[in-house]
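Quick notes on the structure that follows.
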Amino acid sequence: MVEKKRNSNIELLRILLMLMVCIWHMYVHGLGYRNVDAYAHATPFSLFMMAILVPHVNCFMLISGYYSLKFSMKILSLAFQASFYYWAIAGSFLALNIWSGWEVLKHILPISTYVWWFLSFYVVILFLSPILNKGLTLLEKKERWMIMLTFFVFNSIGSF
C-alpha cells in the first residue's frame, strides 16, 4: 500500500483559510456588510480587511480540488452534522417566534436546494474533482494553463 505523505504547509494554509471564512462572516453577517450600501458606513480598515478576505473560499476549494477529494461516507456524516445543528437552531428560533414554519421547510433538503450554498458546492466539487483531475492529466501543460487562465478570468471578472 502506498503511504500518503502529509503536506503540513497546505494543511496550515487550509486552517488559515477557515479562519478567514470566520472573519469574513463576522464582517458580512455580524457587521451587516452584505451589500454596497452598507459599505458607506464601513471604516477604511474594514474595507481593506474585506478586500483581503474575498478570495478565501476560492482558494480553499482550489486546494481541495487539487488534492483530489475522494467520495466517502464522510459527506453523509457532514450532511447529518449540518442538519443536526440546523435543526437545533431552527427549533430554538421557532420557539422564540423568530422564524416561520416556511423558513424551516426551505431547509429540509439543504444540499439540493442551495440554501446552504457552501455545502451544495462542496458536494458538486466532490463529484467533479476526480473527473477534472483525470481529464487534466491527459492534457498538455500549455492546454492546462489556458484552461486555468480562462477559469481565472471567468471567476475574477464575471459573476460566475
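Cβ-Cβ contacts under 7 Å between residues 6 or more apart (or on different chains), taken from a first residue in region 26-46 that is of a type in the set (Lys, Arg) to a second residue that is surrounded by 11 or more Cβ atoms within 10 Å (Cβ to Cβ) and part of a helix (DSSP H, G or I), are listed as ARG34/VAL28. Residue check: ILE52 meets all listed conditions (1) closer than 19 Å to SER156 by Cβ; (2) in contact with a Cys (Cβ under 9 Å, 6 or more places away or on another chain) but one, namely (2). Do we have any residue at all in region 33-51 that's β-branched (Val, Ile, Thr), more than 30 Å from GLY135 (Cα to Cα), surrounded by fewer than 12 Cβ atoms within 10 Å (Cβ to Cβ) and modelled with pLDDT of 75 or more? Yes: one or more hits.
Having 2 or more residues that are modelled with pLDDT under 80 and touching a Ser or Thr at 6+ places or on another chain (Cβ under 9 Å) is the bar; report the helices (runs of 4 or more DSSP H) wholly within region 92-160 that clear it. Answer list for region 92-160: 117-138. In region 129-143, the residues that are open to solvent by 90 Å² or more (accessible area, probe 1.4 Å) reach residues that are in a helix (DSSP H, G or I) with C-beta atoms within less than 8 angstrom, at least six apart or across chains, in these pairs: LEU132/GLY65.
The values are calculated or read from the model by the stated rules, or taken from the named source; none is laboratory data. Every value quoted in this text rests on a predicted model; they were computed, and no experiment measured them. Cβ sites come from the backbone with ideal geometry, for glycine too, and all protein chains shown count toward neighbours. Calculation scope for accessible area: heavy atoms of the full protein, side chains included, ligands and nucleic acids excluded. Shrake-Rupley method; radii C 1.70, N 1.55, O 1.52, S 1.80 Å.
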